[in-house]
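Some notes on the structure that comes next.
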Amino acid sequence: MQTIVAVLIDGLSYSSYLFIVSVGLTIIFGVMKILNVAHGSFYAWGAYAAAYFIGLFHGMGFPHWFGFVLIAVSAVAVGAIIGLAIERIILRKMYEHEEVHILLATFGVFLILEDVILLVFGVNPYFAYQPMALLGSVKIAGVTRDVYSLTLIGLAIVIALACWLCLARSKWGKILKVVIFDREIGLAMGINVNAVYVYTFVAGAMLGALGGAAIAPTLSVSPGIGIDVIVLSFAVVVIGGMGSIAGAIIGALMVGLLRATAVHFVPELELFVIFAVMAAVLMVRPEGLFAPARARRI
Amino acid sequence: MRSLTGDRTVRGVLIGFTLLAIAGFFLPAWIVNNVMFGLARGLAVLGLLVLLRTGLVSFGHALYFGLGAYSVALLEQLAGVTELVPRLAGAVVVAGGLGWILGFVLRRYRGIFFAMLSLAFSMALYGILVKTESLGSTDGFSVSPTVLFGWSPETRHVFLAMVAAVCAFAAIVVQVYLASALGHLTTAVRDNEIRVEYLGYPVARSIHTTYVLSAMLAGAAGGIMAMALGQVDPDSMVNWTVSGELVFITIMAGAGNVAAPFIGGVVFEFIRTYAFELAPHAWQLIVGATLLAIIFFLPNGLWSLIEKPWKKLEKRRD
Amino acid sequence: MHSMFNRVHRLALGLGVLATALGPYGAVTAKDSIDVGVVAFLSGPAAGPFGVPGKNGAELVIDAINAGTLPAPYDTAGFAGATLNPIHIDESGGNAKQVAEYRNLVEKQGVDAVIGYISSGTCLAVTPVAEELKKLTILSVCGTPRIFEDGDWTHIFRTQAHAVGDSIAAALYVRDNFGDVAGYTGINQNYAWGQDSWKSFSLAMGHFVPKAEVSSTPQFPKIFAGQYGTEISTLALDDAELVHSSFWDGDIEAFVVQAKVRGFFDNKQFLSTVGASAIDSLGSEFPDGTIIGTRGEIGILVREKSGPLNTWFVNAYRERYGAWPLGPSYQYAQAVLALKIAMDKAARDHGGFPTQDQVIAAMKGLSFETFAGRIELALGNGHQAVHPVGYGITRWNDETGEPEVTNITFYPSKCIYPPAGKPSLDWLAEGMPGSDC
């Protein structure tokens, strides 16, 4: 029983982190039909920026709680600056290109940003544990937990609700739906599709960076952290259905709980199960568990 | 279909690789190494080129590349095999075998779904290798020098000649395949699959065949890489970044000719070596920037640099 | 006349090229300088705690030897009189990349020797290639016993003892200080070092603390994973109170930080065989009462040890880099020292600048005084070092604002390493016959 509770909580907090990172990826895919490999860079940059500034301000004597402000600010700043730069400089010129070329271009951007991290932040790992230390711990079913990781679950729920409200209840959501359904129809209806693309990409970038910034206090922020994240979020997005927010929730939950179960019972399968499930879902329901069926165009 | 020797590409490939094999004997060892690594990658890229002609892009070809490399390593671990022919055969058979099985599934997928399913399969293999101690986990295995019919050459020049021969053979096979009726069908599938289907041609089967060929090429490439390097490990053989690199070289090389992948592979290897030497902390930056530059300014790859002047020359001759 | 000159010139050039090509095998005249590849992690999670301190240690001692300012008995200038010119290489990027880098070092840069390697993975990968290319290579830090137990190498040396001694010493320290521990588990990385460390530790525990029960789910996360939330839960749920870990690099810091917030160290006795770097980097955040090792007479365990060589090393290091020398600083310095001693000895024995084969012959079975202890190349046919290994208990000293290690015990090499030619895991399984504790 204790173990089951432990698996659930470990799985849920891991799922929340996966969801926060992946939701940006799925939104960008849904609207722009771009599978953005550079999403791993948003994550890494968010983590680095948060860790760097938390360490800096903590060293200057700022209180621990200021770390939470820094996490939010880092995510917004990274998403706005890098997201805007990529959309304006690279993607803007590529919307007419083949899918593969766009995918590869984002891979190129990913490689470049990986090294820019080294040049900007140096090669040593950063530890920004102050926010996690501030919130302390709580005992649940015999296992002591850090409260910080539990708050990530709350953050994920807030983000999911915000995305849902934005899509289902606002004018913005309607515009997005039109663009998602067909770019040309959107253009014909007088929607500024270019502006929609910019806002979408920057919002997705901010969410990716927020994933990194929020998780930063719980890990050692070191070169290469974006590499594993990008395939994991691909798995999440594919399992749930590319472009679907409900899908990202389900995908994140499945991956998170599976991984936690594997670590507790068969640690050797920790990575394998994730991609086995991804392959299985693609084989049974290629469009993902939550994507609507599409007509075959001739 | 023209006869084999009449095909200009076949002649070019034969002459090119013969010259390379001879030149190898006069080049310093480090250049020979880089050329071999480049040829090995080029062979895998040739596999991607075949798929690309069908309009498919695999983001998981490291699956077969890694499988070929690990076949060589495991053949040695389990059975002490160090001979070139069984090593290479093992790599090709294992990769081709899995390609044949997975082909039944993958042949139903196109576009982004094909790419993602390939990625999932390759990462599943990565997940197994990284976490299994008996398969070497993160360390992988060392691969001892390759023996050639009982003879272990002192230098690596002989090995380069063998690799060049394998690559030339593969390039010619692919050239013949693409020129065959089945091969032309793949191009038609890319252009409009449903029309091909309505015309009564077996689309799924032709994609399956292409896929197996592509897997075998990547398997051979991985096997050669393992032998040339003397080491296999999951992060540089099976991880998704390897698949990404292979697709990158495909685009960089251009899909215009079966010789292009090898030129692309060797160029990539030298870019990487020099980038790493010049700026150890910025070599990925240089590689990434090259990738973007190619996509923007040379969308048909390096091959278009060779093709254009060549065509001009021919026109003038006519 | 002109053409004649040309021909002579060409002939001379040709001979020159030939001589260069024959270099390592033909007769060698005195050299002013030698190029040596120095390989350590310069980026990634292992750079800060291991690679950079290691590189600094090597740099410090190389400069001192070049200038002849090392204390006696190593106060002669140079390596057999030659100045050493280090070529620094980053060890990160995976085994395949390191093998390619090694080939480049030897075949492109033409180095005379290679010193370094921290990860057991890289050592295992590079060793056969070094032998293939016939280049003297001194492994400085890595710990897997497999290098000289599964292979027989001519050109490879290791001036650091292997992991089995670290594990046996750890089990002995547990027996001597925590003898009534009821059970133990572990968290180790999923590669050669972590697997070998755990295997030999559990065998040694079976021998010295037979009552302690071994857990059925020891954890093996991927190296450089950096995030251990789920693993910490698993270990916390385990009844075993002793937790063994051979985490090193940034992973030990990440684990300690994440586990500490969760009160992990209040309920568990943590044993870290090589995590001493984290004591300095985390300061008062590092949990008191941890059993800590440094894999030899190096690092924080010998910080206060007197003696001219150690005093020089600690002071010179602190002055130049503004930090305490860590274990890897010592380990790299010791590897450099071994090269100097062997080259000087070979030069004395043969008169004139020694060839590589002469240096190798001189290094075989070497026994030498290092900064704070003694190293004997006693195993692996005279290629593999043994030395004492010690453990202590960590404590943060509020008055000095510095960490300290108390209750330090060193176990002699006769006790913790198998006799020459005996595979250490077999030896452990047989109950360590011939061990003198």
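Every number in this text was worked out from the coordinates using simple rules, so none of it is lab data. None of these values were measured; they are calculated from a predicted model. Note that we place each Cβ from the backbone using ideal geometry, even for glycine, and neighbour counts take in every protein chain shown.
Results, tabulated for the structure shown:
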read-out	value
Whether chain C is rounded, prolate or oblate, judged on the alpha carbon gyration tensor where a/c under 1.5 counts as rounded	prolate
Extension gain (nm, one decimal) between C:ASP180 and C:HIS350, 0.36 nm per residue minus Cα-Cα	55.5 nm
GNM result for chain C, Cα springs below 10 Å: residue of C:GLU399, C:GLU107, C:GLU253 fluctuating most strongly	C:GLU399
Directionally averaged projected area (convex hull, Cα atoms, segment B:2-317), nm²	17.6 nm²
Distant-in-sequence amide H partners of C:GLU213 (H built 1.01 Å from N, under 5 Å)	C:GLY183, C:TYR184
Around C:THR273: net Lys/Arg minus Asp/Glu count, Cβ-Cβ under 14 Å	-2
13 Å beta-carbon shell around B:GLY288, net charge (K/R +1, D/E -1)	-2
Cβ neighbours within 10 Å from other chains - mean over C:216-223	4
Two-site FRET efficiency, B:ASN300 against B:VAL105, from Cβ-Cβ distance with R₀ of 35 Å, rounded to 0.05	0.65
For segment A:107-120, Karplus couplings with θ = phi - 60° (6.51, -1.76, 1.60), whole Hz, Gly/Pro x	5, x, 4, 4, 4, 4, 5, 4, 7, 4, 4, 4, 5, 7
Cut-off under 5 Å, modelled amide H: who pairs with C:VAL36 long-range	C:ASN85, C:ILE87, C:ASP112
Chain C, helix-only ellipticity at 222 nm - DSSP H runs n ≥ 4, -39,500 (n - 2.57), divided by all residues, nearest 500	-13000 deg cm²/dmol
Relative contact order of chain C, defined on C-alpha pairs under 8 angstrom at six or more residues apart (%)	18 percent
Label point distance in nm, C:ASP152-A:HIS64, each placed 7 Å from Cα along Cα→Cβ	6.0 nm
Rounded to 10°, Cα long-axis angle of helix C:308-321 versus longest principal axis of chain C	90 degrees
Pairwise Lys count, segment A:24-225 - Cα closer than 29 Å, eight or more residues apart or different chains	7
Listed pairs C:LYS55/C:LYS414; C:LYS55/C:LYS260; C:LYS268/C:LYS414; C:LYS108/C:LYS135; C:LYS211/C:LYS268; C:LYS305/C:LYS364 exceeding 21 Å between Cα atoms	C:LYS55/C:LYS414; C:LYS55/C:LYS260; C:LYS268/C:LYS414; C:LYS305/C:LYS364
Spatially proximal aspartates and glutamates relative to C:LYS31 (Cα-Cα < 15 Å; intrachain offsets below 8 disregarded)	C:ASP112, C:ASP344
Placed amide H near C:GLY296: partners under 5 Å, 5+ positions off or other chain	C:GLY390
The protein assembly as shown - Rg (one decimal) and Dmax (whole number), Cα, Å	29.7, 98
Distance from segment A:228-269 to segment A:135-208 (C-alpha centre basis), Å	18 Å
In degrees, nearest ten, helix C:327-350 long axis to first principal axis of chain C (Cα)	40 degrees
Euclidean distance of C-alpha centroids, segment C:360-437 and segment C:159-200, integer Å	13 Å
Eligible lysines near B:LYS131 by straight Cα distance, threshold 23 Å, same-chain separation 8 or greater	C:LYS97, C:LYS199, C:LYS222
Within chain B, helix-based [θ] at 222 nm, where runs of 4 or more DSSP H residues each add -39,500 (n - 2.57), nearest 500	-25500 deg cm²/dmol
Segment C:292-395 - convex hull of alpha carbons, volume per residue in Å³	111 Å³
Inter-label distance for A:ALA246 and B:PHE270, nm, one decimal - labels placed 7 Å from Cα along Cα-to-Cβ	5.6 nm
Relative contact order (percent, whole number), chain B, Cα cutoff 8 Å, 6+ residue spacing	35 percent
Karplus-derived 3J(HN,Hα), 6.51/-1.76/1.60, for each residue of segment A:176-188, Hz, glycine and proline x	4, 4, 4, 5, 5, 5, 6, 4, 5, 4, x, 4, 5
Residue-by-residue Karplus 3J(HN,Hα) for segment B:164-180, coefficients 6.51, -1.76, 1.60, Hz, glycine and proline x	4, 5, 4, 5, 4, 4, 4, 4, 5, 4, 5, 4, 5, 4, 5, 7, 7
Burial ranking of peptide ranges C:38-44, B:164-170, B:37-43 (average Cβ count within 10 Å, highest at the top)	B:37-43, C:38-44, B:164-170
Inter-chain Cβ neighbour average for residues C:233-245, partner chain, 10 Å	3
Chain A: relative contact order in percent, alpha carbon pairs under 8 Å with at least 6 residues between	37 percent
Relative packing of B:144-155, B:129-140, which averages over residues the other C-beta atoms within 10 Å, highest first	B:129-140, B:144-155
Under 18 Å from the A:LEU8 label point (7 Å along Cα→beta-carbon), backbone N, segment C:255-283	none
Among B:199-205, A:12-18, C:426-432, the order from most to least packed when residues are scored by Cβ within 10 Å on average	A:12-18, C:426-432, B:199-205
Dipole of the protein assembly as shown, positive end: most advanced residue of A:GLY208, A:LEU103, A:MET189 [Cβ charges, Cα centre]	A:MET189
Exercise: per-residue mean of other protein chain Cβ atoms within 10 Å, A:32-44	1
q = 0.08, 0.15 Å⁻¹: log10 I(q)/I(0) that the Debye formula gives for chain A, counting C-alpha atoms only	-0.35, -1.21
Chain C: angle of helix C:2-22 to the longest principal axis, Cα-based, in degrees nearest 10	30 degrees
Proximal aspartates and glutamates relative to B:LYS315, as straight alpha-carbon distance under 19 Å, when same-chain residues fewer than 8 apart are discounted	B:ASP7, B:GLU307
Farthest positive-ward along chain B dipole, Cα basis, beta-carbon charges - from B:ILE194, B:VAL92, B:LEU291	B:ILE194
Value of [θ]222 nm, deg cm²/dmol, for chain A, DSSP H segments ≥ 4, -39500 (n - 2.57) each, nearest 500	-24000 deg cm²/dmol
Neighbourhood charge, 14 Å Cβ-Cβ cut-off, centred on B:MET123 and excluding it, Lys, Arg +1 and Asp, Glu -1	0
Candidates per chymotrypsin sites (Phe, Trp or Tyr not before Pro) in segment A:78-114, loop by DSSP, up to 15 other Cβ within 10 Å	A:TYR95
